[in-house]
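These notes are about the structure you will find just below.
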Amino acid sequence: MNISFYVLSESKAQDFLGFICQLTQTALNKSTQSLLILIDSDDELLSTLDEALWSHDAASFIPHKRLLDATIADTDDVNETVDAPVKNETLAPVLLGNYMPADFKGIVLNTTIHPVNTFMAATNNAQPTRVLELIKPDPNSMQEGRHKYKAYQQLGYELTHFKV
């Protein structure tokens with residue numbers, strides 16, 4: 001698996017949601033795979049990012065769905081959920097959530113403090129093809145980034161990093 005670390009400059013970190021939207025759009029333009037944006041259990045960030053993806057570009061939007069507690073909810077009707085297992089065939093181009101759906105085989109944009117493999121339960125058969133890690137320029141984020149880098153390195157993943 002290829003893991004790309006994006007070490008954000010102060011200006012990119014200040015527009016964190018804008019950078020996530022920009023990176024999401026770039027990934028969608030370069031790939032036909034679904035993209036999962038992993039978020040810690042932070043309802044405020046989830047709601048803010050949900051809104052940002054709908055309004056990122058004045059002339060368009062980034063279609064997406066929110067994953068809620070192991071079910072998938074349509075962002076147009078948050079009360080409507082699908083009880084069937086989440087499979088790649090039913091996924092929107094972009095998913096937002098705090099877990100990895102069963103059988104997920106796309107790109108993961110990880111905004112959490114945990115390495116992606118902690119979200120890959122042995123029973124859900126998830127196999128991301130690529131992981132995008134975001135590192136803010138603050139001491140805590142840098143330390144978490146070093147921890148994730150070492151964890152991925154020990155697993156033998158291909159690692160790259162970019163300063164943006």
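Between a residue in segment 1-19 that is closer than 23 Å to GLU44 by Cα and any residue that is open to solvent by less than 40 Å² (accessible area, probe 1.4 Å) and part of a loop (DSSP other than H, G, I, E, B), which pairs come within a Cβ distance under 7 Å, given they are 6 or more apart or on different chains?
PHE19/LEU8
Return a yes/no flag: does segment 4-18 have any residue that is within 29 Å of GLU144 (Cα to Cα), among the acidic types (Asp, Glu) and modelled with pLDDT of 90 or more.
For segment 4-18, residues within 29 Å of GLU144 (Cα to Cα), among the acidic types (Asp, Glu) and modelled with pLDDT of 90 or more: present.
Against the condition closer than 17 Å to ILE20 by Cβ and either in contact with a helix residue (DSSP H, G or I) (Cβ under 6 Å, 6 or more places away or on another chain) or of a type outside the set (Val, Ile, Thr) (or both), how does LYS136 come out, does it pass?
yes
Which residues, counting only those in segment 105-164, are among the hydrophobic types (A, V, I, L, M, F, W, C) and either in a loop (DSSP other than H, G, I, E, B) or open to solvent by 70 Å² or more (accessible area, probe 1.4 Å) (or both)?
ILE113, MET120, ALA121, ALA122, ALA126, LEU155, PHE162, VAL164
All but one of (1) open to solvent by less than 50 Å² (accessible area, probe 1.4 Å); (2) modelled with pLDDT of 85 or more hold for MET1; state the number of the condition that does not hold.
(1)
When ARG130 is evaluated against the numbered criteria (1) more than 25 Å from GLU158 (Cβ to Cβ); (2) at pLDDT 85 or above; (3) basic (Lys, Arg), which criterion, by number, is the only one it fails?
(1)
So, of the residues in segment 25-81 that are modelled with pLDDT of 80 or more and part of a strand (DSSP E or B), which turns out to be most open to solvent (accessible area, probe 1.4 Å)?
For segment 25-81, the residue satisfying everything is LYS65.
Note down all Cβ pairs under 8 Å where the first residue falls in segment 135-163 and is among the acidic types (Asp, Glu), the second is open to solvent by 60 Å² or more (accessible area, probe 1.4 Å), and they're at least six residues apart or on different chains.
Hits for this filter: GLU144/ILE113; GLU158/MET1.
The values are calculated or read from the model by the stated rules, or taken from the named source; none is laboratory data. Keep in mind it's a predicted model, so treat the numbers as computed, not measured. Cβ coordinates were reconstructed from backbone atoms using ideal geometry, including for glycine residues, and neighbour counts include every protein chain displayed. Please note that ligands, DNA and RNA were not included when accessible areas were found on the heavy atoms of the full protein model with its side chains. Shrake-Rupley method; radii C 1.70, N 1.55, O 1.52, S 1.80 Å.
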